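Notes follow the structure.
The values are calculated or read from the model by the stated rules, or taken from the named source; none is laboratory data. Here the structure is a predicted model, which is why all the values come from computation and not from measurement. For neighbour counting, all protein chains shown are included, and Cβ atoms are generated from backbone atoms with ideal geometry for every residue, glycine included.
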Amino acid sequence: MKTRLPSYDWPVLEAGWVWLCGAGPGDPGLLTLHALNALRQADVLIYDALVQEAILDWAPQAEHIYAGKRGGKPSAIQRDISLRLVDLARAGRRVLRLKGGDPFVFGRGGEEAQTLVQHGVPIRIIPGISAGIGGLAYAGIPVTHRDVNQSVTFVTGHDQSGNATSSLDWAAIAKGSQVIVIYMGMKHIGQISASLIAAGRDASEPVAVVTSATTDQQNVLETTLGTVEADIAKAGVEPPSIICIGQAVRMRDVLNWQAQAAGIAPRNLDPLGRGRPAETA
Ligand code: SAH
């Protein structure tokens, strides 16, 4: 079925252009309408590993090119992808570059966009719902909650070389950020959690590891900062996962809306123990 887009002055994907677009964290329903508009018009689609099959099916007219790679690979591959986009645009194609989540959040979208602009290729950026926000929402975790945090820190668990992010000041993050959301954190979570605890974070602090968020395979491991590494190993959790550290994780006790939809009662209606209706001042 081809759903019609609502009436609006939709932009046209012209020949020779590249639209760099976020596909959201998984659930195809989390695409933006601009993304759907792009899928309708593209004649070539270059997509990453984390983009769901169902989304690709919405561009049957386009040639589909897989450009998947997972963290830690040499940056030469990234350069190849960027230059491929340049070539396709120069060949007069209508190019849709589809990336998981938001293209400008830990997705190297900025690098691809820069290369395109440097080569004189016109671009459009279509933001998407990032896994660190939308994926946690599907797990019933609000990334901010005024009782818990006034800021949230999004970090990547490894750098370009695939090592733990040495450039990050984990002690400063431990002190300055009540809620920490880690992308690509699985590999180095032992080192990261140890650094945070060494900098004063409580080993009993709640942690959620949300795997394949928003997809049919979504799984949520609830653990603590002190036990997260062992629990990930024990449960055999595989990437992609978002790791959320902080008291906001406790809100899942009342906000696990997927469990509630399946008939499971909330574990605790007031998990932060505020003893007052949430909406009063
Ligand atoms: N641009 C993407 C992030 C790309 S980095 C975004 O904005 O979401 C890839 C990392 O994102 C993965 O290693 C994982 O940490 C996270 N991620 C992406 N999709 C995910 C999903 N459906 N569930 C859990 N984590 C996800």
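Structure data summary
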read-out: Residues located in segment 131-148, provided they are away from the ligand (no atom under 16 Å from the Cβ) and either more than 29 Å from A208 (Cβ to Cβ) or touching a residue at least 12 places away in the same chain (Cβ under 8 Å) (or both); value: P142, T144, H145, D147, V148
read-out: Given (1) part of a loop (DSSP other than H, G, I, E, B); (2) touching a Pro at 6+ places or on another chain (Cβ under 6 Å), index of the condition G135 fails; value: (1)
read-out: Residue in segment 133-151 that is farthest from A38 (Cα to Cα), counting only those that are in contact with a Gly (Cβ under 8 Å, 6 or more places away or on another chain) and modelled with pLDDT of 95 or more; value: V143
read-out: Top-ranked residue in segment 221-252 [being within 10 Å of the ligand (Cβ to nearest atom) and of a type in the set (A, V, I, L, M, F, W, C); ranked as surrounded by the fewest Cβ atoms within 10 Å (Cβ to Cβ)]; value: I243
read-out: Residue within segment 162-171 that is within 9 Å of the ligand (Cβ to nearest atom) and touching a residue at least 24 places away in the same chain (Cβ under 8 Å) present; value: no
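Results for (1) crowded, with 20+ Cβ neighbours inside 10 Å; (2) modelled with pLDDT of 95 or more; (3) within 13 Å of the ligand (Cβ to nearest atom), shown as yes or no for each residue.
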residue: A38; (1), (2), (3): yes, yes, no
residue: E63; (1), (2), (3): no, yes, no
residue: Q78; (1), (2), (3): no, no, yes
residue: V105; (1), (2), (3): yes, yes, yes
residue: V117; (1), (2), (3): no, yes, no
residue: I129; (1), (2), (3): yes, yes, yes
